[in-house]
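I have placed the structure first, in the form of structure tokens, so that the comments after it can refer back to it.
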Amino acid sequence: MALRLVVEKAREKMARMAPDMVRLGLAVGTWGNFSCRVTGDGLGEDLMVITPSGVPYTGMKSRDMVVMRLDGEVVDGDLRPSTEWRLHAGIYRARRDVNAVVHTHSPVASGLAVARMPLPPILEDVVQIVGGEVPVATYATAGTEELAANTAAALRDVNGVLLANHGVVGVGETLEDAFTVCQVIEKGAQVYVFARLVGEPSVLAPAEVDLLRRLYREGYGQPRRRCGG
Ligand SMILES: [Zn+2]
């Protein structure tokens with residue numbers, strides 16, 4: 001498919017999904033951001049389409065989405081990109097299997113991030129969708145290359161991480177997948193905190209974690225389409 005068409009489809013899809021950041025309780029105000037990787041015929045390097053800085057999710061239009069190279073050069077768009085564009089670019093460089101990144105400030109998962117406590121493998125959905133324990137990436141200032149590097153390092157084996165004193169990052173093959181990762185982490189964090197209030201949470205054994213992941217990979221759900229597809 002021609003690159004221009006892929007980019008337009010990605011922008012439209014992102015505009016359709018933007019209100020979900022608020023509707024699903026993943027973002028407050030204009031904080032948080034999301035992006036997807038686009039590839040096209042004859043394109044030497046990948047591009048990403050990312051949400052603009054400081055625009056309310058409920059009013060975001062497809063034209064507001066910013067198209068950029070992974071080195072930060074804006075290719076198309078009238079607005080400034082999210083200040084966390086380095087975080088997104090760093091993840092796309094480190095994980096070739098990732099085509100979408102969602103960054104949220106959802107409250108309970110952010111609470112774990114402030115306590116710098118990983119979310120252990122306590123629930124089937126967290127294990128299957130995130131891939132096991134949700135680690136805490138080493139602290140770095142928002143918007144920096146250091147945060148991008150720390151996050152990419154923590155994402156080596158899983159699809160979601162907590163950012164120390166900051167929030168959550170979820171990644172996936174599609175935007176839907178990355179949104180689901182962030183939702184499942186927030187729900188898992190709520191369950192974990194509640195379990196700690198009423199008792200001692202039981203963590204799933206490594207063999208059970210492996211089995212759940214294998215069963216999920218082998219047979220759950222329907223085929224999905226990538227960004228712009
Ligand atoms: Zn943030």
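The values are calculated or read from the model by the stated rules, or taken from the named source; none is laboratory data. Since we're looking at a predicted model, the values are computed, not measured. Cβ placement follows ideal geometry from the backbone for every residue including glycine, while neighbour counts extend to all protein chains displayed.
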Practice item. Can you confirm whether region 72-95 contains a residue that is under 30 Å from Tyr216 (Cβ atoms), over 18 Å from the mean Cα position of the chain (by Cα) and not in a helix (DSSP H, G or I)? Key: no
Practice item. Take region 123-137 and flag every residue that is out of contact with any Ser or Thr (no Cβ under 8 Å at 6 or more places or on another chain) and within 16 Å of the ligand (Cβ to nearest atom). Key: Val136
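Condition check ((1) over 20 Å from Val193 (Cα atoms); (2) touching a residue at least 12 places away in the same chain (Cβ under 8 Å); (3) hydrophobic (A, V, I, L, M, F, W, C); (4) out of contact with any Gly (no Cβ under 7 Å at 6 or more places or on another chain)) across all residues:
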position	(1), (2), (3), (4)
Arg116	no, yes, no, yes
Pro120	no, yes, no, yes
Gly132	no, yes, no, yes
Thr138	yes, yes, no, yes
Ala142	yes, yes, yes, yes
Val161	no, yes, yes, yes
Asn165	no, yes, no, yes
Exercise for review: Scan region 92-126 for residues that are among the aliphatic types (A, V, I, L, M) and surrounded by fewer than 24 Cβ atoms within 10 Å (Cβ to Cβ) and jot them down.
Suggested key: Ala94, Val98, Val108, Leu112, Val114, Ala115, Met117, Ile122, Leu123
Point to revise | Single residue of Val181, Val158, Val169 found to be in contact with a strand residue (DSSP E or B) (Cβ under 7 Å, 6 or more places away or on another chain), within 16 Å of the ligand (Cβ to nearest atom) and either outside any helix (DSSP H, G or I) or more than 26 Å from Arg37 (Cβ to Cβ) (or both) | key: Val169
Exercise for review: From the list Ala100, Ala140, Ala94, Ala153, pick out the single residue that is modelled with pLDDT of 95 or more, within 16 Å of the ligand (Cβ to nearest atom) and not aromatic (Phe, Trp, Tyr).
Suggested key: Ala140
Point to revise | Residue tally, condition in contact (Cβ under 8 Å) with a residue 60 or more places away in the chain and closer than 18 Å to Arg96 by Cβ, over region 11-55 | key: 5
